[in-house]
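Taking it in order: structure first as structure tokens, then the write-up.
Computed from the coordinates by the stated procedures, all read-outs in this text should not be read as laboratory data. Please read all numbers here as calculations on a predicted model, not as lab measurements. Cβ sites come from the backbone with ideal geometry, for glycine too, and all protein chains shown count toward neighbours.
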Amino acid sequence: MTDASAAIEATDLVKTYRSKEGDVDAVRGVSLTVAHGEIFGFLGPNGAGKSTTVRMLTTLLTITAGSARVAGVEVIDDPDGVRRRIGVALQEAGLDLRQSGRELLTLQCRLFGMSAAEAADRTQELLELVELTEAAERRIQGYSGGMKRRLDLASALVNRPDILFLDEPTTGLDPASRLVIWDEVRRINAQGTTVFLTTQYLEEADQLCGRLAIIDDGRIVSEGTPAALKSQLAARLGPGADPSLDDVFLDATGRTRERVAGEVQEVQA
Amino acid sequence: MRETAILARRALREGLRQPDALMPTLFIPLFFLIVNVGQVAKIFPTGGTPFLHGQNYAAFQLPTSLLTAASFGTAALYLVEEIEGGYFDKLRATPIPRASIVLGRLIAELPKSVIMSSAMILIALPFGVRIRAGLGGYLLLALLIAIWAAVFSGFMQLIALKTRSAAATNSVGFIFFPLLFLTPNFVPRSQLSRPMEIAATLNPVTYIMEAARSLVLDGYDWAALGRGFAVAAAAGVLVLFLSIRTVNRYD
Ligand SMILES: Nc1ncnc2c1ncn2[C@@H]1O[C@H](COP(=O)(O)OP(=O)(O)OP(=O)(O)O)[C@@H](O)[C@H]1O
Ligand SMILES: [Mg+2]
């Protein structure tokens, strides 16, 4: 299936981390297609390969095998072309703590080729968007977790990307901050930006994502709209079953409530 | 080039914003200067020591202190912090040549080093230390030391890029430590014991130290200056080549 108009198209992506301690097959053949304008969710347990996939799609990690087109550009052939068209907020909101919020955004704008005046305007716009105007002159060192996430999100938007990659954008945030990020993501998407987000929160996927894929141990084990995934499982479980996305996730990743409970007990013992 | 300049300005701002990180760079070499001079100055009186060219022993030691101050590699510690914290990846996700991330920091070392050297020379003036080559000599001296500071930081950054860990960068950095001391830092090379003389002759830092010292004690000794700047330039080319290769292959 080749869809030239897709926002993201990955074909048999493989990543093997090589080190002296041995090789780790982190991603073992992931193929996926994300259409323009979607919010696509990438779910999986810890260590499933979510971040590795995101890092390959965003040019930060070499691709061991397979290929990917992002925003119509071949990742391997033209990484800078991809970088110009995407925004990235990684799992560890990587910020320079010694700069102020305004300085960080201005620098990011300048690195995307804007003049000093353009950068100043765009920075102001983004600070307003993520409601950080008051903290703008303060060092990032003193920002709360939620503020850092919002700043990181703003920095991923400087170049008005076609596609926004968010790796666990709400992990570690309190429920209120999480809602703020969700609103932001919806607003960005409403303006036409395709969003690829990874999450461990099933509720987040249910709330935000039009379509999702579940990855486990480096392979995609399930894919579809949240509703379709739930009804497929309901059909398998038989009459009367009303599975939640939690159940879909546990089923797809071969984990059962009983086993998870058992593991917890073992830890407690 | 444009991106390199932008990132250099940022690195400079970061350095000036963290003056406490620069303090050891200034005070440890000054401490050694005072202690070393205090311990041996009597053996090398200004009048009876030909290699001092009429200056006092502190003038002889000044280049050692300047080189020590230029060999802390704080830029690499900022870089490794950035790698550990993830900001390095944010920079890598922008459409800039990756080399500019590393080069920006190296270029920022030049003005930082000039400020540092100037401060140390100013502090040494009341103790009777003079630069024989005058104002031009001071500029050449500051330039030579600044190139060395960038070169040293460059090697430290290589370690940072390879190990990606602050602890490892710090400890591996100690392999450069002997380079500073297997030099004619107490007496001229001709007066070292034979094994030390061989070690110093093989050590590239020796030639930078001798060039710097010639400006302080002697005026313009073009042969010594030529060797010093040649060594600094060669090391600079090597570290540039290795840095660009390493950062482009960073995965
Ligand atoms: N640099 C690396 N070197 C070696 N192995 C790695 C490296 N990065 C990740 N891995 C391994 O690859 C696998 C996938 O990791 P990845 O970070 O992609 O998972 P993830 O789904 O993002 O997990 P999490 O939810 O914990 O963020 C894990 O087994 C991990 O230990
Ligand atoms: Mg991850």
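The HN-Hα couplings worked out from phi for segment A:118-133 by the Karplus form 6.51 cos²θ - 1.76 cosθ + 1.60 (θ = phi - 60°) are 4, 4, 5, 5, 5, 4, 4, 4, 6, 4, 5, 4, 9, 6, 10, 4 Hz, whole numbers, x standing for Gly and Pro. Taking the protein assembly as shown, how much of its Cα-Cα pair set, in percent, is spaced more than 45 angstrom apart? Counting every Cα pair in the protein assembly as shown, those more than 45 Å apart make up 30 percent.
Its residue count N fixes a reference of 2.2 N^0.38 Å for chain B, and the Cα radius of gyration divided by that reference is 1.04. Applying 1/(1 + (r/R0)^6) with r as the Cβ-Cβ distance of A:Asp174 and B:Met1 and R0 = 35 angstrom yields a FRET efficiency of 0.20.
Taking Cα centre as origin and charging only the Cβ of basic (Lys, Arg, +1) and acidic (Asp, Glu, -1) residues, the dipole magnitude of segment B:155-251 rounds to 320 debye. Each Lys and Arg Cβ is given +1 and each Asp and Glu Cβ -1; about its Cα centre, chain A then shows a dipole of about 380 debye.
For A:Lys230, a cut-off of 27 angstrom between C-alpha atoms picks up these lysines, skipping any fewer than 8 places away in its own chain: A:Lys50. With R₀ set to 30 Å, the beta-carbon distance separating B:Arg194 from B:Phe51 gives a calculated FRET efficiency near 0.95. Building the convex hull from the alpha-carbon atoms of segment B:1-107 and averaging its projection over directions returns 8.8 nm². Each peptide in B:126-138, A:139-151 gets a packing score, the mean of other Cβ atoms within 10 Å over its residues, and the list from highest to lowest is A:139-151, B:126-138.
Between the alpha-carbon centres of segment A:47-105 and segment A:219-259 there is a gap of 31 Å. A crude spin-label estimate for the pair B:Ala233 and A:Ala117, with each label 7 Å from Cα along the Cβ direction, gives 4.2 nm.
The charge dipole of the protein assembly as shown, taken about its Cα centre with unit charges on the Cβ atoms of Lys, Arg (+1), Asp and Glu (-1) only, comes to about 2200 debye. Starting from the Cα of B:Lys112, draw a straight line to each of the lysines and keep only those under 28 Å, dropping any in the same chain fewer than 8 residues away. Filter leaves B:Lys90, B:Lys162.
In this rough spin-label picture, where each label sits 7 Å from Cα along the Cβ direction, the A:Ser5-A:Asp80 distance is 3.1 nm. Judged by the ratio a/c of the largest to the smallest principal axis of the C-alpha gyration tensor, segment A:1-108 counts as oblate, that ratio being 1.5 or greater while a/b is no larger than b/c. Counting every C-alpha pair in segment A:6-260, the share spaced more than 25 angstrom apart comes to 46%.
Antiparallel beta bridges, as assigned by DSSP with both residues in the protein assembly as shown, represent about 55 percent of the total such bridges.
Axis angle, to the nearest 10 degrees, between helix A:175-190 and the longest C-alpha principal axis of chain A: 80 degrees.
If you take all other residues with their beta carbon under 13 Å from the beta carbon of B:Val205, and give Lys and Arg +1 and Asp and Glu -1, the sum is +2.
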